[in-house]
Each structure stands twice: as structure tokens, then as C-alpha cells.
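The values are calculated or read from the model by the stated rules, or taken from the named source; none is laboratory data. Just so we're clear, the structure is a prediction, and the values are computed from it rather than from any experiment. All Cβ positions, even for glycine, are placed from backbone atoms using ideal geometry, and neighbour counts span all protein chains on display. The protein model used for the area step is the full one, side chains on, heavy atoms only, and it has no ligands, DNA or RNA in it. Shrake-Rupley method; radii C 1.70, N 1.55, O 1.52, S 1.80 Å.
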Amino acid sequence: MDNTPVIGVLALQGDVREHLIALAAADAVARPVRRPEELAEVDALVIPGGESTTMSKLAVLFGMLEPLRERVRGGMPVYGTCAGMIMLADKLLDGREDQETLGGIDMIVRRNAFGRQNESFEASIDFAGIDGGPVEGVFIRAPWVESVGAEVRVLATYDGHTVAVRQGNVLATSFHPELTGDDRVHAYFVDMVRTGL
Amino acid sequence: MSTLPSTPQTPETGTARVKRGMAEQLKGGVIMDVVNAEQAKIAEDAGAVAVMALERVPADIRKDGGVARMSDPNMIEEIIGAVSIPVMAKSRIGHFVEAQVLQSLGVDYIDESEVLTPADEVNHSDKWAFTTPFVCGATNLGEALRRIAEGAAMIRSKGEAGTGNVVEAVRHLRQIKNEIAKLRGFDNNELFAAAKELRAPYELVKEVAELGKLPVVLFSAGGVATPADAALMRQLGAEGVFVGSGIFKSGDPAKRAAAIVKATTFFDDPKVIADASRNLGEAMVGINCDTLPEAERYANRGW
């Protein structure tokens, strides 16, 4: 089997294009995924930034929720940024009551924890397992991780709050590496996927 | 997308990357005009990525006439309190004090909008001076680039708001896309003259020629009334849509809002659009744009 992973980007809503570009730069084959049959064809998945309530609603409406949950349970590598982190949380705070998540990481995530758009910010983030200095963190109405279970590794914090985590094959960041042109977090994820192939 | 300067050592708010990045998160989505908290909740329930808080939808502004201004802060705060999705609000063109007020209220995006009565017939607001990002309307590439030069972090094609008629939205989006395509074919020598003709900064013109797109997100607005309208704008290249009067001036707003969200996501799948279009009840009554007097064309506002 060819060792170039095929990585889908969940394309219901959000900054799909930026993730496709970042994944391609990290030497993966990247394609948008909106339907169950498209999901079945990828080795791994990125859940982009976007509006998590919209994304969750569309996933339910178009029959993607259960297929996604099944793949995550089955060990498919997944990386979620911002709204994607929310989708991967086993438990959510400050979400809508009817908001569904996929789960995948034993963590409690607080939605919009860093505030509204006027509080959105950029900062340098030290990321465990990524060499070459801190990564550029762009935080937009960003969530943070309130607490994690024993199986979860914290990879980065900012101002005392957890902003990057990994549990097994599932990775999540509060911030948006796809907006920076710095592809190291995507390369880290592509390595995770490659190791599992 | 363009690579902006690298991250500052100390945290920084209101950077171009944070402002433009916010709009990137809205892509593929629908932003809905709402005039109260109840409508805002209907929009959020339907899957809107954001709401635009305003006192009267454009169709009513047309009907009522008079001067249209920024909305009452109380009403904007009620809407902010009612939903968890981003809230946008409109300032008049060039009315930077209305924009200051909206920023102080904590809105997530300011629309410097031709739908309101312009406050300045020469100048738009200096949008770099704000932490809150701005979206502005444009009918062509030069206008879009002038707004970006002033600091706009998102562009929407103007269309003709409050008409329920998509023809002007199509005209403006096609115009912008065609002018971008034309720039792609120019060599470096021609870009200087192109900048002069577009009445836009050379650096931005060069950036667009290289990227093949605007350096910010491009949505469509002004006249979308049906799921098929929204999908049409997406197929023509809009990265998302604003829907104003089209939802809450229709017979069944909740159903129509959800249907437009579906068609915007699956804009290239006629079966999904067909299903979304079934039994929506009355659409808003439209206006034929060629019968609109010049003075009543909002798209002409902005310079």
C-alpha cells in the first residue's frame, strides 16, 4: 500500500479550503468529505474551524453523525480545530442544549471560552512534540479544554488553559494552524496517520 | 490564502489575521437578518452561522422610506444575549461613531452597509482603527479592493437588498469574479495600469492576480429568497450567503431558513436543493429591479 495517506476534511461548513491546502503542504492527499460514502474512502479526517452549532446540525440532517461516530470509535485518526475540537469533546459546556458532538477525546470543552470576536487573539504556543520553536496560535472565539481524563495528553496550554490535546489517534487544538501558513501541526497529524497505516 | 506577518510574542487582538480568520470560519454558511431575539433564535435553530441584527429588514426600509440608521443598542444586546452564534450589526457608510458604538456593544462583525442611509458621500470609515472586523459590500473588484484597503476583513457582493430578486446579486458577483479572472491573465507590466483603472492600490491588485481570489472571504448578498438562489450564488463562486428580507418576509421563516442552510451546504447537488425547496409556503413578494428608480438603488451607495 502506498504510504501517502488520504485525509478528508469535513466540508459541511467552515474553513475547509485552508485545511486542504495545509494537508497538501504536509504531503497528504486531501479531499473534502460531505457524505457517508466519501467518509468511507478516507484514512483519516480533519474537522475544520467553523460554527460548531451549524456543523453539528448539518451532520445530523445529512446522516453524517453516526457514520462519523463509528469511524472515530473504530480508531480513525481525527484532528479537530476550534469547532472541530468541540465536535471531538465527550462533554461540552456552553453549547446549545441540542448540540451533538462526536466525542473521541475524554475531555470537557467550554465553547467560546476565550470570549467574543473582540477578544480573539494571536499568541505563540509551545507545542509538545513539535520542534522548531513555538507554533503560531490564532484563536477566534475559541474554546478551551476545561478538564481531561487520564488517557488524554495535554500538548499545549495558554495562560493556564489547555488548548491542545491528544488521546490515541485523536488530536484537537483550540486554535487554527490552517490560517497561518505554518504547517507543522498538520505535519504532526499526517505523521500520526502514517504511523497507523 | 495570503500569509500575513508571523505571530507576535505577546498576545494581540484585532490583527488582520484574527479579523479575516473570523470570516473564514463562516464559509459555507448562511448569515440571516433578524430584528429581534425571537427571530435570532429561529435563525440559530435553523443552522445560521451568524445573525445580522437590524431594526428593519431591507424590504421594510424600502417601504417605510426615511433615514435608516444603526439599531437601538438595547435590541442588539438582546440579540447578543439570546444566541450563542456570532452577531453582526450595521453602521451607516462613513459613520465611524456608529461603528464605535457597535464595537463597544461587543458585536462580532460590523457591516458598513449601503442598506442604511450613508452618512458620508465621500469617505468610508477607517476600518483599521477598530478591533471589531468589518464586512463591506461591493459591486465590482475595484470597489472591493478599496474597501479592503480601508481595512474590510470580508466582502459581500451587494446585490439589491430588500427586493427578493437575485438578478443584481448575480450581476455583482459575476463582475467581481470576471475581473479577478482577467487579472490572472495579466503580466506584471499590465498590473500597474490595471490598478489605475480599478482605482485600487497596486499591492492589492498584485495580490489578487497571484491568488486568483480576493485576500478576504467573499460572500453574496442582496436578493436571495429561495434555496435555489442561495445555491446559485455558491455555484457562481460566493463562499457563503447573506439572506435579509427573504426569510422573515416569507410565509414560514423557520422552514425556509433551514432549507436555505441545506441548499447552501449542498449547493452542487440538485437533489438536495429540490428536497429543500418543497412546500416552503409563500416566498417574499419580489420587486423587479428594472422598475426601481436610480435613487432607490442601494447598490449605488458607496464610493
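Details
- Across peptide B:12-18, the mean count of Cβ atoms from other chains lying within 10 Å of each residue's own Cβ comes to 6.
- Tensor-based shape of chain B (alpha-carbon gyration tensor, a/c under 1.5 rounded, otherwise prolate or oblate): rounded
- Spatial separation of Cα centroids for region A:123-189 and region B:196-216, in angstrom: 34
- Within a Gaussian network of chain B (alpha carbon springs, distance under 10 Å), most fluctuating of B:LEU292, B:LEU145, B:LEU173: B:LEU292
- Under 11 Å, Cβ to Cβ, from B:LYS182 - net charge with Lys/Arg +1 and Asp/Glu -1: -1
- 18 Å cut-off, amide nitrogen to a point 7 angstrom out along A:ARG153 Cα→Cβ, residues in region A:106-133: A:106-107, A:126-133
- Taking a sphere under 12 Å around the Cβ of B:GLY21 and counting the other residues whose Cβ falls inside, with K and R at +1 and D and E at -1, yields a net charge of -1.
- For region B:23-152, accessible area per residue (1.4 Å probe, heavy atoms of protein chains only), Å²: 30
- When only Cα pairs below 8 angstrom with a gap of at least 6 residues are kept, region B:25-78 shows a relative contact order of 36 percent.
- Loop-located GluC sites (Glu not before Pro) across region B:112-162 with a Cβ neighbour count of 15 or fewer within 10 Å are B:GLU121, with loop assigned by DSSP.
- Percent accessible area from carbon and sulfur atoms, region A:6-195, protein chains only, probe 1.4 Å: 46
- Spin-label model, B:TYR202 to B:LEU236: label points 7 Å out along the Cα-to-beta-carbon direction sit 3.3 nm apart.
- Gaussian network model of chain B, springs between alpha carbon atoms under 10 Å - residue of B:PRO133, B:PRO253, B:PRO293 with greatest fluctuation: B:PRO293
- Accessible area in the full protein assembly, largest first, 1.4 Å probe, for B:TRP303, B:TRP128, A:TRP144: B:TRP128, B:TRP303, A:TRP144
- Among B:VAL272, B:VAL170, B:VAL67: highest mean-square fluctuation, GNM of chain B, C-alpha pairs under 10 Å: B:VAL67
- Low-density loop positions, GluC sites (Glu not before Pro), region A:1-77 - DSSP coil, at most 16 other Cβ in 10 Å: A:GLU41
- Global form of region A:6-195, assessed from the alpha-carbon gyration tensor, a/c cut-off 1.5: rounded
- Accessible surface buried once A binds B (1.4 Å probe; total of both sides; Å²): 3700
- Virtual paramagnetic centre 7 Å along Cα→Cβ of B:TRP303, amide N under 11 Å, in region B:120-146: B:120-124
- Panel note: contact residues of region A:11-29 (accessible area lowered by at least 20 Å² against the chain on its own; 1.4 Å probe) correspond to A:LEU12, A:GLN13, A:GLY14, A:ASP15, A:ARG17, A:GLU18.
- Per residue of A:174-182, other chain Cβ atoms within 10 Å of the residue Cβ number 4 on average.
- For A:TYR79, nonlocal amide neighbours, meaning residues 5 or more places apart or on other chains whose placed amide H falls under 5 Å from its own, are A:LEU45, A:VAL46, A:ILE47, A:LEU171.
- Theoretical FRET efficiency, 1/(1+(r/R0)^6), r = Cβ-Cβ of B:ASN279 and B:VAL167, R0 22 Å, to 0.05: 0.30
- Cα-based shape type of region B:209-302, given that a ≥ b ≥ c are square roots of the gyration tensor eigenvalues and the cut on a/c is 1.5: oblate
- Accessible area, probe 1.4 Å, largest first, for residues B:GLU203, A:GLU136: B:GLU203, A:GLU136
- Share, in percent, of DSSP beta bridges within the protein assembly as shown that are antiparallel, nearest 5: 30
- Chain B, helix-only ellipticity at 222 nm - DSSP H runs n ≥ 4, -39,500 (n - 2.57), divided by all residues, nearest 500: -12500 deg cm²/dmol
- Between A:LEU197 and A:ASP98, the FRET efficiency from the beta-carbon distance, with R0 = 25 Å, is close to 0.10.
- The protein assembly as shown: Rg to Rh, with Rh as the Kirkwood radius over Cα pairs: 0.96
- Kirkwood Rh, angstrom, region B:34-121 [1 / mean 1/r, Cα pairs]: 13.0
- Label-point gap, in nm, between A:ARG31 and B:THR131 - each point 7 angstrom along Cα→Cβ: 4.4
- Per-residue SASA entry for A:HIS161, accessible area with 1.4 Å probe, Å² rounded to 10: 50
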